[in-house]
Structure formats: structure tokens, C-alpha cells
Amino acid sequence: MREKLELLRELQELDGDLNARRRERAQMALELAEIDEEVARVQEMVDKLDAGVATLSGQRSDLSHDLVLEEGNVSRAEGRLPTIKTQREYVAVLKEIDTAKKMNKDIQDKIAALETELAAVNRDRDEKVAEMAAIKERVASRQEEIATAIGTCDQVLGAGDSRRDEFLAKLPTRMRKRYEMLLDRRAGVAIVEARQGVCTGCNMNLPPQLFNSLFTTKEILDCPHCNRMLYLAESC
Ligand SMILES: [Zn+2]
């Protein structure tokens, strides 16, 4: 039984290491996810601004097209002037030209306003693109570092799991099940030291008789408070 107790202690130590590594791995994965999220957030802004630039450019292009048409109308009407015979018709064409010119002015004002807006959106877009490049440059080495560390961690975890299986295979089924059950229900700690009459798992005093039995028994004894398996500290 002493031998089994020793196995359980080694197994517990290994499980403690593996759990710490898993936590470390989860922390690194979280940092990676946060980096990805930051990149995605800025990329989303860049995409939105790109879409804004495309919309405004489209509107400007439509208005430029309208302007060309209207300018054509003005030229045609002006071309007709020398051929006009009556005063009434002359006045009517002049009015037509005047209206078309006002419309042109209106379109030109709209184009100017659009261009101001477009310049502002372009500036914002360029700023965000620069921010994006800076973020990517800043995080690239960290991303690589984490990816490498996670790769190493996975190798260690894989080797640790194999060692764990070897330990478990050496334990009797009932003991193995009990260990796994305690591990699951007692925050990853199934076997603990009894030190100076206290269970170091739950920090409760052990009944003196139980504590004394630990010195002589060949059985594995459990803490009556937290049910964890107990072993005796060498210093006791
Ligand atoms: Zn306890």
C-alpha cells in the first residue's frame, strides 16, 4: 500500500503540473483571442470607412454625369439663340438657359460638399489603415511567441497525459476511480499531506486517533472533512 500511496503522490504532483500548464495555455489562448478581436475591431472600422468612400464616390460620379448632361443642355440652348426669330421664343430660351445654369450651380455645390465629405472620410480611412498596420506590426511577434509557446505546451501536455496513463494503469481500479472522483470534486487535489494533526487540503484538524493511525497503518486513510486521501508529512 505504501507503494500505491507513493504512486498517488507522484500522480497528484503530475496532475498539479498539468493543470497549471492547462491554465497557462488557456491564458495564452485568451490573449491570442483578444489580439484577434482587436485586429478584427479595427478592420471592421476600415471596412466601414471603405464602404463610405465607395458610396460617396458613387454619388459624386452620378452628379458629375448629371452636370455633363445639364451643361450639354445649356450649350444646345445657347446654340439655338442666334436662330430664334421671335422675341417670345428668345425670352423662353433665355429662361430655359437660366434655369439650367441654376441647376448646374446646384449640382456643382453638391459635388463640392460631397468632395469635402469624401476628403474627411478618406482621411479617417487612411488613419485607420495606418492604425491597423501599427497594430499588426505590434502584435505580430507576440502572436508568433504565443503560437510557439502553445505548441510547446501541447507537446508537454501530450507527454504528461501519457505518463499519467502509465501511473493510472499501475493503480487498482477502485483506487483509480476514487482518485479521479476526488480530483473532479475537490478542485484537482485528491491526496494531501497531513501535517501536525491538520489536513492540508481543507485545513481542518484531524481526529487525533486518525492522525496517530497514519504513522502505523498500511491502509490509505481519508480526511473525514474533505474526504481527500491523506499521507504523512516527513517532518511529522
Ligand atoms: Zn481535509
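The values are calculated or read from the model by the stated rules, or taken from the named source; none is laboratory data. Just so it is clear, the structure is predicted and the values come from calculations on it, not from any experiment. Surface areas here come from the heavy atoms of the whole protein model, side chains and all, with no ligands, DNA or RNA. Shrake-Rupley method; radii C 1.70, N 1.55, O 1.52, S 1.80 Å.
On a per residue basis, the chain carries 65 Å² of accessible surface, using protein heavy atoms and a 1.4 Å probe. In this structure the amide hydrogen of ALA233, modeled in the peptide plane, comes within under 5 Å of the amide hydrogens of ALA194, none closer than 5 places in sequence on its chain. Both the radius of gyration and Dmax for the range 49-104 are 16.5, 56 Å, in that order, over alpha-carbon atoms. 3J(HN,Hα) along the range 91-98: 4, 4, 5, 4, 5, 4, 5, 4 Hz, from the Karplus curve 6.51 cos²θ - 1.76 cosθ + 1.60 with θ = phi - 60°, whole Hz, x for Gly and Pro.
Measuring with a 1.4 angstrom probe and ignoring ligands and nucleic acids, ASP184 comes out at about 130 Å² accessible.
When both bridge partners sit in the range 178-232, DSSP labels roughly 50% of those beta bridges antiparallel. Relative contact order for the range 25-170 using alpha-carbon pairs under 8 Å, separation at least 6, rounded to a whole percent? In percent, rounded to a whole number, it is 42. Ellipsoid semi-axes for the range 178-232, based on the Cα gyration tensor and the rule √(5λ), read 18, 12, 8 Å when sorted largest first.
Derived scalar couplings between HN and Hα for the range 168-185 equal 4, 5, 7, 9, x, 3, 4, 5, 4, 5, 5, 4, 5, 5, 5, 4, 5, 8 Hz in order, rounded to whole Hz, by the Karplus curve 6.51 cos²θ - 1.76 cosθ + 1.60 (θ = phi - 60°), x for Gly and Pro.
Helical content of the chain, expressed as a calculated mean residue ellipticity at 222 nm, amounts to -29000 deg cm²/dmol (DSSP H runs of 4 or more residues, -39,500 (n - 2.57) each, divided by residue number, nearest 500). Ordering VAL74, VAL198 by accessible surface, largest first, gives VAL198, VAL74; the 1.4 Å probe counts only protein heavy atoms, with every chain in place. Each 10 Å bin from zero up to the one holding the largest Cα-Cα distance in the chain carries the following percent of pairs: 6, 18, 14, 11, 9, 9, 8, 7, 6, 5, 4, 3, 1, 0. Counting only protein heavy atoms and a probe of 1.4 Å, the accessible surface of the chain is 52% carbon and sulfur.
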